[in-house]
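One structure is given here, and the rest of the page talks about it.
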Amino acid sequence: MINFDNSFFFRKNEFNFKNNKNFKKNLINAQSKSEEILKEFSTGSNQILQSFTKQYQKKIRDLKQDLNFKNKKKVVIGIGGSSSGAKALSFFLKDDIIYFDNLDFEYFKNFFLKNNIKDYIFFIISKSGDTFETLALLNLLIVESRKFENYNIFKSMVVITENQESILKSFVNKNNIKIVEHNPDIGGRFSILSETGMLPFTDLNLNVEDGSEKFISLLNQDSDLSPTKNAAIILTCLEEMKLSIYCNLIYNYRLKHFSYWFHQLHGESLGKTNKALTPTTSICPKDHHSMMQLYLGGPKNKFFNIFSPQDDILYDNFSEEGFYNIEHYTPNGLLKKQYQSAVDVFTEKGIPHRRIEITDHQNPLNVIELFSYFLLETILLGKMMNINPYGQPEVQLLKNKIFKN
């Protein structure tokens, strides 16, 4: 399970938020906005929050009865939030689901040169039903399918889209393709716990609510795991230090795509003022040899989440080869020492950070907990900063430019 350590901000150093008037003000604000979120949850008015619940998750699991996954591998076709959360979960689980989430035509072509299209079920995901990159990939999927005689690709498709007029919805109706309604009140980047994110995993019988519901109850609690307390910390750092970078320092490679999912969540939700933080990812200890000089010696404009190494023991020991600087550690011990050393140096240099510790890395509920926590923290930060976290108005400007006659 996951745990947060925010003790850096409450030590007798330059921060010492226990006696910081700005933090106390932001905490009161966070508590007020948390009450708003709790009211939205209790009244059922926010479908994102409802996706955290057992009732909502049971509805998704029940869809399994109408889907035939048996003896089929899975491919997900979707852009941005339509696929990034599921891809993060897949990468954590180390499963074999294939994702086409970009217009990388070489990767797409090579996949069908090396694999039999008949072995797969294809999830086609677009909330609006008009996402042109998704439609482009769907078109090429049909091109590939026509290389096989007497093969109806449409019987191996599940489309997730809104129940409204769109290019994709019309295509589904015309070709009698199985469809699952995309919740119209949940945007793509918030959809990981909804049908959009969880449908490809229904055969795993995950009790998602065991990793999600508790974070609702942690709002307004005096806990390092409370989004309320953490949002107040981040906003205080943002205001007092003129931060511009929000970096996930990853010592567990299996969280790489979770961090990429977070890029969109944070960037699209809060990137609407000149105070916005730019989310980034560093994979460690590799980046000790590239980016750490900048982090430690460069501008102090960054906030760090430092994620602990995985706890799986894959090697018991190093062999005795005279590599004196590593052999007195176990392989896991070496990685943990690098992680702890980074935490210690960040603390000594007064660089704002929090530790995110994960235990039992074989349990998929760990990444469900991370999704749940960061969804709530992001929504809460938006409310505290008087930003609507749900829209992304500037994205439409690029779409308009692409299709301008």
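Can you list the residues, at least 5 places off or on another chain, whose amide H is less than 5 Å from the amide H of Met157, using H built in the peptide plane?
Phe122, Lys178
Among the GluC sites (Glu not before Pro) in region 69-161, which ones are in a DSSP loop with at most 15 other Cβ atoms within 10 Å of the Cβ? Mind listing them?
Loop-located and lightly packed - Glu149.
For Met1 and Ser170, calculate 0.36 nm times their separation in residues minus their Cα-Cα distance, and state this gained length in nm to one decimal.
Using 0.36 nm per residue and subtracting the Cα-Cα distance, I get 56.5 nm.
Measure off 7 Å from each Cα along the Cα-to-Cβ vector at Tyr390 and Tyr315, then give the distance between these two points in nanometres to one decimal.
A separation of 5.0 nm, rounded to one decimal place.
List the trypsin sites (Lys or Arg not before Pro) within region 54-98 that DSSP assigns to loop and that have no more than 10 neighbouring Cβ atoms inside 10 Å.
For trypsin sites (Lys or Arg not before Pro) across region 54-98 that sit outside H, G, I, E and B with at most 10 neighbouring Cβ atoms in 10 Å, the list reads Lys70, Lys94.
I need the phi-derived Karplus couplings for region 344-352: 6.51 cos²θ - 1.76 cosθ + 1.60, θ = phi - 60°, integer Hz, Gly and Pro marked x.
Ordered by residue, 3J(HN,Hα) equals 4, 5, 4, 5, 4, 8, x, 8, x Hz.
Per residue Cα convex hull volume for region 1-134, in cubic angstrom?
Hull volume over Cα atoms, normalised by residue count, gives 215 Å³.
Using a Förster radius of 22 Å, what is the FRET efficiency between Tyr151 and Leu63 based on their Cβ-Cβ separation? Nearest 0.05, please.
0.30
Going by alpha carbons, how many degrees (0 to 90, nearest 10) lie between the helix axis of 84-93 and the longest principal axis of the chain?
Value to nearest ten degrees: 70.
A 25 angstrom limit on the alpha carbon distance is what I want to check against. Which of Lys73/Lys336; Lys33/Lys256; Lys18/Lys286; Lys127/Lys174 exceed it?
Violating the 25 Å limit, Cα to Cα: Lys73/Lys336; Lys33/Lys256; Lys18/Lys286.
Between Glu35 and Ile142, what FRET efficiency comes out of the Förster formula 1/(1 + (r/R0)^6) with R0 = 35 Å and r the beta carbon distance, rounded to 0.05?
Efficiency, from the Cβ-Cβ distance: 0.10.
Report the full-extension gain for the segment Thr273 to Asn332: residue separation times 0.36 nm, less the Cα-Cα distance, to one decimal in nm.
Full-extension gain reported as 17.0 nm.
Show me the ranking of peptides 182-188, 372-378 by mean Cβ neighbours inside 10 Å, starting with the highest.
372-378, 182-188
Just want the ordering: Thr281, Thr43, Thr347, from fewest to most Cβ atoms lying within 10 Å of their own Cβ.
Ordered from fewest to most neighbouring Cβ atoms within 10 Å, Thr281, Thr43, Thr347 come out as Thr43, Thr347, Thr281.
Hey, what D do you get for region 49-204 in µm²/s if you plug the Kirkwood alpha-carbon radius into Stokes-Einstein at 37 °C and 0.692 mPa s?
208
What distance in nm separates the two pseudo spin-label positions at Asp119 and Lys70, each 7 Å out from Cα along the beta-carbon direction?
Distance between the two pseudo-spin positions: 2.0 nm.
I need the phi-derived Karplus couplings for region 262-270: 6.51 cos²θ - 1.76 cosθ + 1.60, θ = phi - 60°, integer Hz, Gly and Pro marked x.
Residue by residue, region 262-270 yields 4, 3, 5, 4, 6, x, 6, 6, 10 Hz.
Distance in nm between label sites at Gln293 and Phe112, each 7 Å beyond Cα in the beta-carbon direction?
Computed distance between label sites Gln293 and Phe112 equals 4.7 nm.
I need the phi-derived Karplus couplings for region 169-174: 6.51 cos²θ - 1.76 cosθ + 1.60, θ = phi - 60°, integer Hz, Gly and Pro marked x.
Coupling constants for region 169-174: 4, 4, 5, 4, 5, 5 Hz.
Can you give me the long-range amide H partners of Thr280? Hydrogens built in the peptide plane at 1.01 Å from N, cutoff under 5 Å, separation of 5 or more residues or another chain.
Counting only residues 5 or more places away or on other chains, the set is Tyr246, Cys247, Asn248.
Compute, for the chain, the length of the dipole vector about the Cα centre, with Cβ point charges of +1 (Lys, Arg) and -1 (Asp, Glu) only. Units Debye, rounded to 20.
So the magnitude is around 920 debye.
Expressed in nm², what is the orientationally averaged projection area of the convex hull enclosing the Cα positions of region 272-405?
The number I arrive at for region 272-405 is 12.9 nm².
Taking only Cα atoms, what is the 0 to 90° angle, nearest 10, from helix 21-43's long axis to the longest principal axis of the chain?
Result, in degrees: 30.
Where does region 213-308 land on Rg(C-alpha)/(2.2 N^0.38 Å)?
In units of the globular-protein estimate, region 213-308 measures up at 1.15.
At 0.890 mPa s and 25 °C, plugging the Kirkwood radius over alpha-carbon pairs of the chain into Stokes-Einstein gives what diffusion coefficient in µm²/s?
Value of D from the Cα-based Kirkwood radius: 107 µm²/s.
By DSSP, what percent of the beta bridges with both residues in the chain are antiparallel, rounded to the nearest 5?
10
None of the figures in this text is laboratory data; all of them are computed from the coordinates on show. Please read all numbers here as calculations on a predicted model, not as lab measurements. Here the Cβ is made from the backbone with ideal geometry for all residues, glycine too, and neighbour counts use every protein chain on show.
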